[in-house]
Structures are given as C-alpha cells and as structure tokens.
1. What number of residues in region 235-248 are in contact (Cβ under 8 Å) with a residue 40 or more places away in the chain and either surrounded by 22 or more Cβ atoms within 10 Å (Cβ to Cβ) or in a loop (DSSP other than H, G, I, E, B) (or both)?
2. All but one of (1) part of a strand (DSSP E or B); (2) surrounded by 21 or more Cβ atoms within 10 Å (Cβ to Cβ); (3) over 21 Å from the mean Cα position of the chain (by Cα) hold for residue 231; state the number of the condition that does not hold.
3. I'd like the full set of residues that are within 21 Å of residue 334 (Cα to Cα) and more than 16 Å from ligand 3 (Cβ to nearest atom), limited to region 375-399.
4. Which strands (runs of 3 or more DSSP E) sit wholly inside region 356-425 and have at least 3 residues that are among the charged types (D, E, K, R)?
5. Out of everything in region 137-173 that is polar (S, T, N, Q), farther than 30 Å from residue 242 by Cα and surrounded by fewer than 17 Cβ atoms within 10 Å (Cβ to Cβ), what residue ends up being farthest from ligand 2 (Cβ to nearest atom)?
6. Within region 246-279, restricting attention to residues that are over 25 Å from the mean Cα position of the chain (by Cα) and of a type outside the set (Val, Ile, Thr), which residue is nearest to residue 210 (Cα to Cα)?
7. What residue, among those in region 372-399 that are touching a Pro at 6+ places or on another chain (Cβ under 9 Å) and among the small types (Gly, Ala, Ser), is nearest to ligand 2 (Cβ to nearest atom)?
8. Identify, by number, the condition in (1) among the small types (Gly, Ala, Ser); (2) modelled with pLDDT of 95 or more; (3) over 15 Å from residue 52 (Cβ atoms); (4) within 15 Å of ligand 1 (Cβ to nearest atom) that residue 100 doesn't meet.
Amino acid sequence: MKKQSKKINLGLVNGTFLSTLLLSACSPEDVVDKIIERVIEKALDIEELGACLPETQATAFAESAVDDLLNDGISFSASASEAPYYRFSLEQAQAITISATGESADPSIILYDSQGNSIEENDDFGDGYNSRIPLSEPLDSGTYCISVQALEDDDIPIELSLKAFVETDLNSDDVNACLPDTAAKTFAESGIDQLLEKGVSLSASVAETPFYRFSLDGPQAITISAEGESADPVLTLYDGQGNELADNDDYGDSYNSKINLRKPLEPGIYCIGVSAIESNSLPIRTSIEVFDASSIDHQTYDLVDEVPPLDGSYPISMFEYSGNRASTDVTLGGKAIWHRIDVNAPSIYFFEANAVDNSQVDPELSLFNSDGDQLAYNDDGLDTDSLLAARLEAGIYLLALSQAEESEAESVRVSVERFAKTELD
Ligand SMILES: [Ca+2]
Ligand SMILES: [Ca+2]
Ligand SMILES: [Ca+2]
C-alpha cells in the first residue's frame, strides 16, 4: 500500500520561542523536554479537547441506561469533528470495554465521570493507532462521558463502541505477532548462516504460510525480502519472544517489501511475519540473504528509503560550522541531499530547511542514526518549511533533505544550530 509511513513529526513554531526558552533555562533536561513536547504539539496541531462537563453537548449512546445492551455491544460511527463527546449511563455497576476504531484517523479517547473528572484514557492500544479502555473493575452506576479525538484526521469516521468487559480485552489483539508458540515454516533445520551467501527462499501465499522462522549461529547482517507485487506483501521481523524488530511494506518503487539489517542480528531465533495488502491467496516469495551494501541501488538513497553508506560511494556533505551554526544553500531536485553530522558530546540540534529566492519548493527533513534508524522527521514546521529538534548522544548522524511534493529543482537553505548540554546548565 503506497502510503507515507507514519513518522515522528517534530517541528517548531519559531526561533524566538526557542531562544527565550533556552535563555531562561534552569535545568537542561526540563528545557529540552519542554521544547520537544511543545514542538510535537505544534507539529501535530493537537487542539486539546476540553473535559466533558455536565453541560457539554454529547451524543447519547442510548435513551436510557445501557446495561441491557452491553452484552451485544453498542457502537456509533462518526468523525471526531462530528461527535467529539459521547454520554452513557449505567443503572448498575458494570465492567465495560470502550474501543475507538479507525486507524487512519488515529483516535484517542478519555473516559470522564459525570463531573468531568477523567477516569482513564488511551491513545494507542497494542500495535496500531486504535484506542481501547478495558475496565476489568466495574464502573459504579451513574452517568459517564467519553471524548474522542482524532490525532491524524478528524474528518475520518471512528467507530466508538461500548460492550461488556471480557478478559481477552486486556490482550492486545495483535494477532500478527509471531510468538514462541506460533506455528511457522522454517528455512532450515538449524542455523542458516552457511546458506546466506546463496540465500534461502520459500514461496507460499499468506493463507498458506504467514510466518517463517530461522535461527542464526553467529551475528549476521542480512536482507529479508518478500516479492509478489500483486499480493502487495508486508514484512515484519520479530525476535524469538515476539518483539517486533523491523517492518516494511513497500520498498523502492514497488509494492514488494525489503528489510535491510546492516547492523548484524545477534545469534538466536527470529521469525518473519508475511502479510498481504491485496491478496492472501497469491504467492509471495520470502527470502533471506547476506546484506550487501553494494547491491543497494543509489536510487533508494535518493528517495530516502535507505541511509547511504559513509564510505564515499554516495555523496554526503558536511556542514561548515561558524561557531555553533552552519547554513548552506543547495539546489534541491528529485534526489535527496544528505548531510553527515558528527556529534562529539550530547547536544541538542535544530535543523531547518527553508525555501529561498521565492522558490516554491516544499522541503522535508529526516534525521537518522548511522544504523539507519529514523530518529525524527518534519515536513512542515512553519508554512511548508521544515524544522527539526533532536537531542543527540555522541555519534554519527545523517540528515536527509528532500522534497515533500515533487517540483522543479529549487533553492533551499539548510541550517543547523547546536547546543552542547553544558551550555544549558
Ligand atoms: Ca491512537
Ligand atoms: Ca507492499
Ligand atoms: Ca514541507
């Protein structure tokens, strides 16, 4: 599914706010937390919904108490802008579960008592973006209110439901996780280390085989691929305990998936989950081979699908600092422009990308560590310009400047400002 993956979106209102905060700094940790919190709020443009007070207008779940309806459950579907509040009453104490479903809206819910005191809240339950409040302890009889907010899009319908609590509501319904007892096909009887050079692969539909298990006897940097464009595969890698390590839906310019693990996996047991967006009955070829940096197409760096290597085989610029600031004008076309940042001591960094010379370019910034993990991303901080804040430990980082909307090659000024932690003491 071609969809921009959800990224940590950090932005800032303006430099003034930052300077003020930094000058009034008393404790660096506090300041940074404040800045980052503020930045996240601004970037996500979250308007705090007020508490649900007795006089607050709310959609009623039923004309009278909902007790008799809980076994079957009751639900409403409406966007958060249409129905931000729901009210219900209980004649007797009841253990209930409240759910809000609509992943693309990214719901977040709060349960209030009749006076507007919040009892419980949830944004994301389990792996996805849906919300759930499972209350194993019965709620007393009385009137309650639920607020529903959409963090992503408040015009997308969210299904809000209320039903009797059952024990399994406490489990995240991540049916896709590969747990130690999950049935899975294996690539080999034992460790696949010796087979990686040639690669191992198996072909099956998701309906036949949703999981593949393999083990490594030594540390190995590997590449996992799933091919079958008409099925539109999605790959997820789990460790032996079922913890998710990495995932990918679409890689490069296709619907196939690929996970490159340039940092070697430790010896142990791993499991690959293969799902499909289009079809569970079409075959998908799942393979594992040794990771080979030279096999990576430069286009994946141009498109910010992968972090380029630091060996000089791909152009990466360094900032030229004057004091703690650096700024450079670049011409940004269809390819990302990469900068390397060497951090010697824990510091706070601010990156900006601004269109200059009246250019119409819409820049975006992504920050990665040298393992290729994305640490921060911002498209629009102020207008369409980008702004990123990050607290960085010593190490090597990479900043990608790219176009959010493809346009002609245009001028962009990319700037960086750093603050050593000690300067904030
Ligand atoms: Ca959510
Ligand atoms: Ca895919
Ligand atoms: Ca932008």
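1. Narrowing region 235-248 to residues in contact (Cβ under 8 Å) with a residue 40 or more places away in the chain: 235-236, 238, 240-242, 244.
Subsequent filtering for residues that are either surrounded by 22 or more Cβ atoms within 10 Å (Cβ to Cβ) or in a loop (DSSP other than H, G, I, E, B) (or both) retains 235-236, 238, 240-242.
Counting residues in region 235-248 that are in contact (Cβ under 8 Å) with a residue 40 or more places away in the chain and either surrounded by 22 or more Cβ atoms within 10 Å (Cβ to Cβ) or in a loop (DSSP other than H, G, I, E, B) (or both) gives 6.
2. It is condition (1) that residue 231 fails.
3. 398
4. On the way: elements: 363-369, 374-378, 386-392, 395-403, 410-420.
The qualifying strands (runs of 3 or more DSSP E) are 410-420.
5. Pass one, region 137-173, residues polar (S, T, N, Q): 141, 143, 147, 149, 161, 168, 171-172.
Retained after the next criterion (residues that are farther than 30 Å from residue 242 by Cα): 141, 143, 147, 149.
After this cut, where a residue has to be surrounded by fewer than 17 Cβ atoms within 10 Å (Cβ to Cβ) as well, the list is 141, 143.
Numbers: 141: 49, 143: 46 Å.
Here the answer is 141.
6. Taking region 246-279 first, the residues over 25 Å from the mean Cα position of the chain (by Cα) are 267-269.
Imposing the further condition that a residue be of a type outside the set (Val, Ile, Thr) reduces the set to 267-268.
Working: 267: 23, 268: 20 Å.
Taking the candidates together, the pick is 268.
7. Per the stated criteria, the residue is 386.
8. The failed condition is (3).
The values are calculated or read from the model by the stated rules, or taken from the named source; none is laboratory data. These numbers were taken from a predicted model, which means no experiment stands behind them. As a convention, Cβ positions derive from the backbone with ideal geometry for all residues, glycine included, and neighbour counts pool all protein chains shown.
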